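The values are calculated or read from the model by the stated rules, or taken from the named source; none is laboratory data. These numbers come from a predicted model, not from an experiment. Cβ atoms come from the backbone with ideal geometry, glycine included; neighbour counts cover every protein chain shown. These area figures cover heavy atoms from the full protein model, side chains too; ligands, DNA and RNA do not enter into them. Shrake-Rupley method; radii C 1.70, N 1.55, O 1.52, S 1.80 Å.
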Amino acid sequence: FFYLCKRMRGVGTYWADVVLCLTLLFHNFTTGAYLVIICWQRWELRGEYCSRDLAWRSSLLCKVAGALSYAASRGTLQSVVIGTVFRITHRWKVDSIRVKMLQVLPVFLVANLFNLTMAFSPLLSLSLLL
């Protein structure tokens, strides 16, 4: 993958495209982790889901799987939107909006940090916050 990013960089693409690829890679990996958890749990509960339903849904692993799913789907959407705005401003050479990589990278970071905070905040108990 890094070879692909390096090769893309050589043919006139912007660093924002590389950052977009890396963030999409991260979110796809997160989706894969979520699917592995769900498949493993399905295999473990085969034929017994109804009797162990409440225990599974109240477990920490189920909550982590939900947070991973939320973070991956929302993060992918945010990355695509931010990357598209960057591409539009550079490909159409909008003179009134000059966006540089040093401006795009913090936006990606803040959006992803906000996304991860929103996804994993329900996992914290109120006793830890007080």
(message) Keeping all protein chains in the complex and leaving out DNA, RNA and ligands, what accessible area do you get for Val19 with a 1.4 Å probe, in Å² to the nearest 10?
(response) 20 Å²
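For Leu123 and Cys50, what does the FRET efficiency come to when R0 = 41 Å and r is the distance between their Cβ atoms, rounded to the nearest 0.05?
Working: r = 26 Å, r/R0 = 0.63.
After rounding to 0.05, the efficiency reads 0.95.
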